[in-house]
C-alpha cells in the first residue's frame, strides 16, 4: 500500500523562489522532486 502524501507549505523570499525555479528548469525536474531530494539528503546527514 503506498504511503499517504502530506502537503507542506512554507514561506520563502522572492529571491529564494526564483532560485528554486531556475534550478528546477536547469535540471529539468519539478520543485517537488528537488525538495524531496534535499529532505532525503538531510536524513543521510543526520545518520552521519
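Every number here is computed from the coordinates shown, using simple stated rules; none is lab data. On a predicted model such as this, the values are computed, not experimentally measured, just so you know. Because the Cβ atoms are built from the backbone with ideal geometry, glycine has one as well, and the counts that use them run over all protein chains shown.
Applying the selection to segment 7-37, what residues are loosely packed, with under 10 Cβ neighbours inside 10 Å and assigned to a helix (DSSP H, G or I)?
Once the filter is applied, which keeps residues that are loosely packed, with under 10 Cβ neighbours inside 10 Å and assigned to a helix (DSSP H, G or I), segment 7-37 yields 14, 15, 25, 26.
Give me the pairs: first residue in segment 1-28 and free of Cβ contacts under 8 Å to residues at least 40 places away in the same chain, second residue in a loop (DSSP other than H, G, I, E, B) and surrounded by 10 or more Cβ atoms within 10 Å (Cβ to Cβ), beta-carbon distance under 8 Å, and six or more apart or on different chains, which are they?
Short answer, once both residue conditions are applied: 20/12; 24/30.
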